[in-house]
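Here is the structure we will look at, set down as structure tokens.
The values are calculated or read from the model by the stated rules, or taken from the named source; none is laboratory data. What you see is a predicted model, and the numbers here were worked out from it, not measured in a lab. Note that each Cβ is placed from the backbone with ideal geometry, even for glycine, and that neighbours are counted across all protein chains shown. Only protein heavy atoms, including side chains, enter the accessible area calculation; ligands, DNA and RNA are left aside. Shrake-Rupley method; radii C 1.70, N 1.55, O 1.52, S 1.80 Å.
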Amino acid sequence: MIGDSHHGGSGRCVVLVGPAGAGKTTIAHRLIAAQPLMRAFSVSHTSRPMRAAERDGVDYWFVPRATFEALIDADAFVEWARVHDNLYGTTRAAIAHHLEAGRQVIFDIDIEGAGNIARAFPDRTDLVFVTPPSWQVLVQRLQARGSESDDRLRRRLRTARAELEAVLRQADAGVPWAAVVNDDLNQAVADVETLLRSPPGTQRMPAAALTRLQSMRADGVADVRADPEDPAR
Ligand code: 5GP
């Protein structure tokens with residue numbers, strides 16, 4: 001599921017990971033709007049159906065599953081993953097020209113993809129975990145979307161909890177994760193801007209962010225909605 005690392009240029013991969021409802025997409029668009037010539041969004045391919053507000057080639061390249069699988073066989077992807085039964089992936093073609101032009105490429109992908117991008121582009125990847133201020137706010141934001149069925153809400157909360165656990169485990173093992181708490185959007189965008197002023201991959205998770213993520217994880221484990229049948233509970 002991982003590509004090679006031989007891409008030229010001096011660009012940088014800025015990988016935003018975090019639960020649905022954390023505001024990654026909004027932050028990504030704000031970052032690009034602030035510097036449209038030197039930043040670009042990594043437009044992933046996906047086999048999932050397009051949602052009403054989405055645009056092909058802007059939010060994703062929407063392709064039939066068979067086309068996605070043919071792209072895998074043709075080794076077109078730097079990374080790809082199965083998320084919630086659909087396939088998602090980053091093609092070399094989507095990002096290579098931006099990196100060669102020295103741009104900052106903003107990714108909105110899952111945690112598995114983030115690890116693969118960091119391996120494919122060592123020394124020029126920033127891993128940024130974007131999180132709501134608390135587990136309760138995460139639940140509220142997802143419920144406020146209104147479009148979520150109970151099953152879907154539970155699944156998203158389960159994924160959120162798993163990603164929290166993974167990011168804490170990785171940070172503990174020395175993977176250079178930064179964390180941005182999206183309580184106030186302007187502040188969250190400013191926090192990402194600040195870390196982009198340092199060389200790629202040099203940020204570490206501040207102790208306060210670590211504590212916050214740990215307490216979110218504890219609340220997530222205690223929340224029956226996250227997974228009523230999880231044997232690990
Ligand atoms: P959604 O279907 O809600 O747009 O995205 C579902 C999940 O897939 C999100 O966590 C999103 O970040 C992730 N995702 C989107 N594109 C990619 C990709 O190219 N690669 C990987 N690994 N995950 C992706």
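Of note:
- Accessible-area value, R217, 1.4 Å probe, nucleic acids and ligands omitted, Å²: 80
- Gyration tensor (alpha-carbon) shape descriptor, the chain, a/c threshold 1.5: oblate
- Per residue, the accessible area of the stretch 132-188 comes to 51 Å² when a 1.4 Å probe rolls over the protein heavy atoms.
- Ranked order, R92, R197 - accessible area, probe 1.4 Å, largest first: R197, R92
- Among the GluC sites (Glu not before Pro) in the stretch 1-100, those located in a DSSP loop and surrounded by at most 16 other Cβ atoms within 10 Å of their own Cβ are E54.
- Here the chain is assigned +1 on the Cβ of each Lys and Arg and -1 on the Cβ of each Asp and Glu. Its dipole about the Cα centre then comes out at about 360 debye.
- Percent carbon-and-sulfur accessible area, the stretch 81-233, ignoring ligands, DNA and RNA, probe 1.4 Å: 48
- Largest to smallest in accessible area, the residues E193, E165 fall in the order E165, E193 (1.4 Å probe, all protein chains included).
- The separation of the stretch 63-85 from the stretch 128-168, counted between C-alpha centres, amounts to 25 Å.
- Size of charge dipole - the stretch 63-160 - debye, nearest 20, with Cβ of Lys, Arg +1 and Asp, Glu -1, no other charges: 380
- Considered as an equivalent ellipsoid built on the Cα gyration tensor, the stretch 52-102 has semi-axes of 19, 16, 10 Å, the largest given first.
- Sequence of S198, S44, S10 when ordered by accessible area, the most exposed leading, probe 1.4 angstrom: S10, S198, S44
- V15 sits among other residues whose Cβ lies under 9 Å from its own Cβ, and their net charge, with Lys and Arg +1 and Asp and Glu -1, is -2.
- Rounded accessible area per residue of the stretch 1-127, 1.4 Å, Å²: 44
- Rounded to 5, percent antiparallel among DSSP beta bridges of the stretch 76-227: 55
- Relative contact order for the chain: 27 percent, from Cα pairs under 8 Å spaced at least 6 residues apart, divided by residue count.
- When +1 charges are put on Lys and Arg Cβ atoms and -1 charges on Asp and Glu Cβ atoms, the dipole computed for the stretch 37-86 relative to its Cα centre reaches about 220 debye.
- Cα gyration tensor category, rounded, prolate or oblate, for the stretch 162-226 with a/c compared to 1.5: oblate
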